[in-house]
Amino acid sequence: MTISSTGTAATFRQIRRATARRRARMIFVLMACLMAGVVLTLMLGQSFTPLTTVLRVLGGADVPGATFTVRELRLPRAVVCVLVGASFGLGGIAFQTLLRNPLASPDIIGISTGASTGAVFAIVVLSLSGPAVSLVAIGAGLGVALLIYTLSWRQGVTGARLILIGIGLAAMLQSVTAYLLMRAPSWTLQEALRWITGSVNGAQLDQALPLFIALLLFGGLLFSRRQDLETLRMGDDLAAGLGVRLGVTRAVVVITAVALVSFATAVSGPIAFVAFLSGPIAARLMGRGASLLVPSALVGALLVLLGDYAGQFLLPARYPVGIVTGVLGAPYLLYLILRDNKTRGTL
């Protein structure tokens, strides 16, 4: 018994439609979870605020006892968590897809570390504060990324070489940061520590606007290369044969991903493992072959939002969000290293 080519084509179309519907449903579920998480963080904290009161405050009403809590404390924190998490998620999956390696995450290869070291240097040595520190952090993140890329270049850039060089530079930068903290006077030490642990304490809405603009701009550039980025998963030679301009695509992806991570780090510090975890979690949820940019951004936003809430209210003591995500990400990093050693015998 044979199957006609028409019947086979119809079957494939049905499978593609079913797969597309399942992925669309998953994205909808992630968006619904994120919205629910934002609403719950606006309602729950040291005190409970009813949903109706939250909606009145967001609508502009002045409710005694709730306006300050919701509008000045909880809302800026939730907005910054979502924007920071989405930026880390996008930057992480861009690097992981470009280099076809789950270890190729900005927080593993030293880009986030470079931004935080720059911020600590600005605080301790240059005595800067506020937006000036953020600008130094962004510049340091971009500079470290350029240095890693330059040192990794040898008739092209391979993922393994870039990762190893990035890990080495990250270790050096952590030593520099430790030295700066030892020299820091007591009145700047607390602010400097925020830049190495990752925290959204004291988040303000005016911090969210530059990050939102960066997310729109660089996220839009990244989405403009979505098809080329997905094609690179199949290898450079095949992608080039299909018409992908490798040099241009790599440059756009690297610049946009580094900018997203640097802007996020400038607001919250290097929240550990969010960029690292978002892509693999999104891939597990979406299945093989799916575009992971939107799911990774949503997963990253959820990780930061829920991690911050857990660190503030669900644990015996209050911890910065970077501590919570670090506890989640470290076991997965060890698992990847052990799996890689088992399958290939070397890093």
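The values are calculated or read from the model by the stated rules, or taken from the named source; none is laboratory data. Here the structure is a predicted model, which means the values were calculated and not measured. No Cβ is skipped: glycine too gets one built from the backbone with ideal geometry, and neighbour counts run over all protein chains shown. With ligands, DNA and RNA removed, areas are computed over all heavy atoms of the protein, side chains included. Shrake-Rupley method; radii C 1.70, N 1.55, O 1.52, S 1.80 Å.
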Residues that are in contact with a Ser or Thr (Cβ under 6 Å, 6 or more places away or on another chain) and β-branched (Val, Ile, Thr), drawn from segment 125-148 = Ile138
Looking only at segment 173-189, decide whether some residue is of a type in the set (Gly, Ala, Ser), touching a residue at least 40 places away in the same chain (Cβ under 8 Å) and part of a helix (DSSP H, G or I).
-> no
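Residues are listed down the side, and each one gets a yes or a no for (1) farther than 30 Å from Leu238 by Cα; (2) in contact (Cβ under 8 Å) with a residue 40 or more places away in the chain; (3) surrounded by 15 or more Cβ atoms within 10 Å (Cβ to Cβ):
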residue: Thr52; (1), (2), (3): yes, no, no
residue: Leu55; (1), (2), (3): yes, no, no
residue: Gly59; (1), (2), (3): yes, no, no
residue: Pro64; (1), (2), (3): yes, no, no
residue: Leu73; (1), (2), (3): yes, no, yes
residue: Gly85; (1), (2), (3): yes, yes, yes
residue: Gly89; (1), (2), (3): no, yes, yes
residue: Asn101; (1), (2), (3): no, yes, yes
Under 30 Å from Leu222 (Cα atoms), surrounded by fewer than 16 Cβ atoms within 10 Å (Cβ to Cβ) and at pLDDT 90 or above: does that describe Val39?
-> yes
Would you be able to say whether some residue in segment 252-264 is open to solvent by 30 Å² or more (accessible area, probe 1.4 Å), more than 17 Å from Gly279 (Cβ to Cβ), outside any helix (DSSP H, G or I) and in contact with a helix residue (DSSP H, G or I) (Cβ under 6 Å, 6 or more places away or on another chain)?
-> no
Test Ala203 against the stated conditions and say whether it is buried (at least 21 other Cβ atoms within 10 Å of the Cβ), modelled with pLDDT under 90, more than 20 Å from the chain's Cα centre (by Cα) and closer than 29 Å to Leu306 by Cα.
-> no
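Please enumerate the residues belonging to segment 103-116 that are open to solvent by less than 10 Å² (accessible area, probe 1.4 Å), not in a helix (DSSP H, G or I) and not β-branched (Val, Ile, Thr).
Ala104, Ser105, Pro106, Gly110
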